[in-house]
Every structure is written in structure tokens, then in C-alpha cells.
Amino acid sequence: MNRIRRKALNDIKDQIEMLRCTLEQLAEEEEEYRDNMPENLQSSERYEKADEACDSLNSALDSLDEAVEHIDEACA
């Protein structure tokens, strides 16, 4: 891989890492929201949706981590 493409990939990786930080903050906020729901709502549809959102956000974080790993492999 030449220097120009490696630089472009590193720029993309930096952007992904910045987006990952933002996504991680949102995931933490959603988990806090879910975890602080009163007990009477913990079997509600609202809780289920928050729980599903947490799972989806964590899956998205995993995917971003995997993308960064693939970029690193491509640049090696």
C-alpha cells in the first residue's frame, strides 16, 4: 500500500474513532436511562425498547471496532 492510500485510511480510521466516542456516550446514556427505570416499568414496552436500543448500540460499537481492526490490517 502506498503512502497516500495509507494516509487516507488513517484519516478514515480517525473519523471512525471520533464517531465511536460519540456513539459510546449515547450508548452509556441509554443504558443509564434503562437502568434507572422504576421497577414498575421494568417489564414494560418502554423498558424493552430501551434494552433493545442498548443491544443495538453495543453491536454498532463492536462493528466500528471491527472496521478499525480491518483498516489496521490493510495498512500493515
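Pairs meeting the criteria (first residue in segment 1-23 and part of a helix (DSSP H, G or I), second residue open to solvent by 80 Å² or more (accessible area, probe 1.4 Å) and β-branched (Val, Ile, Thr), beta carbons under 8 Å, at least 6 apart or on different chains) are lacking.
Please find, within segment 4-55, the residue that is farthest from Glu66 (Cα to Cα) out of those that are small (Gly, Ala, Ser) and either at pLDDT 95 or above or open to solvent by 80 Å² or more (accessible area, probe 1.4 Å) (or both). Outline the logic, then answer.
Taking segment 4-55 and keeping what is small (Gly, Ala, Ser), we get 8, 27, 43-44, 50, 53.
Still in the list and also either at pLDDT 95 or above or open to solvent by 80 Å² or more (accessible area, probe 1.4 Å) (or both): 8, 27, 43, 50, 53.
Values: Ala8: 18, Ala27: 17, Ser43: 33, Ala50: 24, Ala53: 20 Å.
Checking each candidate, the answer is Ser43.
In the set (1) touching a Phe, Trp or Tyr at 6+ places or on another chain (Cβ under 8 Å); (2) touching a residue at least 24 places away in the same chain (Cβ under 8 Å), the condition left unmet by Arg34 is number (2).
Can you confirm whether segment 58-76 contains a residue that is closer than 30 Å to Asn2 by Cβ, at pLDDT below 95 and not in a helix (DSSP H, G or I)? Scanning segment 58-76, I find at least one residue that is closer than 30 Å to Asn2 by Cβ, at pLDDT below 95 and not in a helix (DSSP H, G or I), so the answer is yes.
Inside segment 49-75, residues that are over 26 Å from Asp11 (Cβ atoms) and either among the charged types (D, E, K, R) or more than 11 Å from the chain's Cα centre (by Cα) (or both) make up a count of 6.
Restricting attention to segment 1-18, the residues that are of a type in the set (Val, Ile, Thr) and over 22 Å from Asp62 (Cβ atoms) total 1.
The values are calculated or read from the model by the stated rules, or taken from the named source; none is laboratory data. The model shown is predicted, which means the values in this text are computed figures rather than measured ones. Here Cβ is always computed from backbone atoms with ideal geometry, including for glycine, and neighbour counts include all displayed protein chains. Keep in mind that these areas ignore ligands, DNA and RNA; they rest on the heavy atoms of the full protein, side chains included. Shrake-Rupley method; radii C 1.70, N 1.55, O 1.52, S 1.80 Å.
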